[in-house]
Amino acid sequence: MADRVTVIGWDGSPLTAAARSALGAATLVAGAAHHLALPEVPPAAERIRLGSVALAARRIAPHRGTAVVLADGDPGFFGVVRTLRAPEFGLEVEVVPAVSSVAAAFARAGMPWDDAQVVVAHRRTLRRAVNVCRAHPKVAVLTSPGAGPAELGLLLEGVHRTFVVCEELGTDRERVAVVTSDKAADHTWRDPNVVIVIGGPTAPVAGAEGGWIAGRDPGAGPRGWALPAEAHGGDLGEGESELLRAAQLARLGPRVGDLVWDIGCGSGAFATDAARAGAAVIAVDRELEACARTDASGRRHGVHLQIVRGTAPHVLENLPEPDVVRVGGGGAAVVSAVADRRPQRIVTHALTRDAAELVGRELTQHGYRVECALLQSVELDTRDWTETERSVAFLLSGVLPDRSA
């Protein structure tokens, strides 16, 4: 294997003494074209144009000599170090870091970034990166060809965001542009670039000393999977009881990067609870009052909810693909239309056994594994332990066997 492998991060600044020393002794250098053109690269060194890091690692592993890999920014932050250290290559690496492109982008924008989400967008993960941008107020997106600012803007249709696009950071072609998300597709953007996506819910502001954890503060809101009725303005509708919502959340498991549909959102209680878990949420209801209550609930708890007014199943046709869906109203016909879109999980409820069996048959016919439980809850006044409210519902959930993750 190679006698020594040094990974050098480059942010456009002059190389450090450690980086120059390692590069000067290199017998093999791997990097992008602009890295290989650096004057410090030894003329006699073997050069590898870095495309696939795994292919470069296979060439480096048997090399007898000293190898250097050049990469933009901090190579340990969504960079080449992870691949080079994979067990199949057997490489031990030393790292000379540089300022990450994310840190540089926020510096150009003059913004703090300890409260930002950071995601990588390529063709395979673009949809999930967009869902994070839907759900969170500050996101840095490390883009790639085919998954850049234009594609982000197109997939964010219906959700207003501001883009700070930082192109070719650290080079003499560096450019920073500010556009709205709906205009991003009107431009031609140069690679590589980082997009800072701003907008959406207003998160709690940290004190002068800052926060205590990077990204979204998990302690910013009240505890609990399903908040009590009074947290959503009180007077919740059928199927919105706290315990039923908790059971639905447990079955769906909404998480960061997911898109949740809440069909028949009612008061917005479930939609808000799902968004508090970090997921992007589209809440659907035909009633104007329900849409207004849902919007108010989201604002009250500092989460972004995209609200669509219309009647299911017709209104669902133009919505982006969901990961998990809660059907709060519409019965078997809506469940069937949702199942046609093949989300990983679907959850709903029924008040009678006949209605539950009808929904269960629809899910089964669409290839879902169906579970059903009869949930009964009795609320007691603990001052005298008398019954104050009783609810009974059939909880149904469907899971696609090939998409159960």
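The values are calculated or read from the model by the stated rules, or taken from the named source; none is laboratory data. As the structure is a prediction and not an experimental result, all values here were calculated from the model. Note that we place each Cβ from the backbone using ideal geometry, even for glycine, and neighbour counts take in every protein chain shown. These accessible areas exclude ligands, DNA and RNA; they are computed on the full protein's heavy atoms, side chains included. Shrake-Rupley method; radii C 1.70, N 1.55, O 1.52, S 1.80 Å.
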Per the rule of 0.36 nm per residue minus the C-alpha distance, extending L38 to H187 adds in nm 50.6 nm
Once E230 and V120 are pulled to full extension, the length gained, defined as 0.36 nm per residue separation minus their Cα-Cα distance, is 35.8 nm
Note to self: with every protein chain in place and a 1.4 Å probe, the chain gives an accessible area per residue in Å² of 49 Å²
Simple SL model, points at 7 angstrom along Cα→Cβ for L374 and E88; separation in nm is 5.3 nm
Taking R0 as 25 Å and r as the Cβ-Cβ distance between L351 and R383, the FRET efficiency 1/(1 + (r/R0)^6), rounded to the nearest 0.05, comes to 0.25
Residue span R47 to A25: 0.36 nm per residue of separation minus Cα-Cα distance leaves a gain in nm of 6.6 nm
Contact order relative to length for the chain, counting C-alpha pairs under 8 Å separated by 6 or more residues, stands in percent at 11 percent
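Leaving out ligands, DNA and RNA, what percent of the accessible area of the range 44-97 is carbon and sulfur, probe 1.4 Å?
Within the range 44-97, the accessible surface is 50 percent carbon and sulfur.
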Taking alpha-carbon centroids only, the range 1-25 lies from the range 92-158 a number of Å equal to 26 Å
Rounded to the nearest 10, the angle in degrees between the Cα long axis of helix 242-252 and the longest principal axis of the Cα atoms of the chain comes to 40 degrees
On the accessible surface of the range 280-398, probed at 1.4 Å with all protein chains in place, carbon and sulfur together account for a percent value of 47 percent
Sorting A2, G170, Q306 by the position of each Cα along the dipole of the chain (Lys, Arg +1; Asp, Glu -1; all at Cβ), the one nearest the positive end of that ordering is A2
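Give the calculated FRET efficiency between R299 and A54 to the nearest 0.05, with a Förster radius of 60 Å applied to their Cβ-Cβ distance.
Computed FRET efficiency for R299 and A54 comes out at 0.85.
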What one gets for the chain as the Kirkwood radius, inverse of mean 1/r over different Cα pairs in Å, is 23.9 Å
Computed ³J(HN,Hα) along the range 328-341: with the Karplus parameters 6.51/-1.76/1.60, θ = phi - 60°, integer Hz and x for glycine or proline, the list is x, x, x, x, 4, 5, 6, 4, 4, 5, 5, 4, 4, 8
Contact order relative to length for the range 303-394, counting C-alpha pairs under 8 Å separated by 6 or more residues, stands in percent at 22 percent
Counting Lys and Arg as +1 and Asp and Glu as -1 over every other residue whose Cβ sits under 14 Å from the Cβ of V347, the net charge comes to -2
Rounded to the nearest 10 Å², the accessible area of D3 using a 1.4 Å probe with every protein chain kept is 100 Å²
Taking 337-346, 268-277, 384-393 and ranking on average Cβ neighbours within 10 Å, highest first, one gets 268-277, 337-346, 384-393
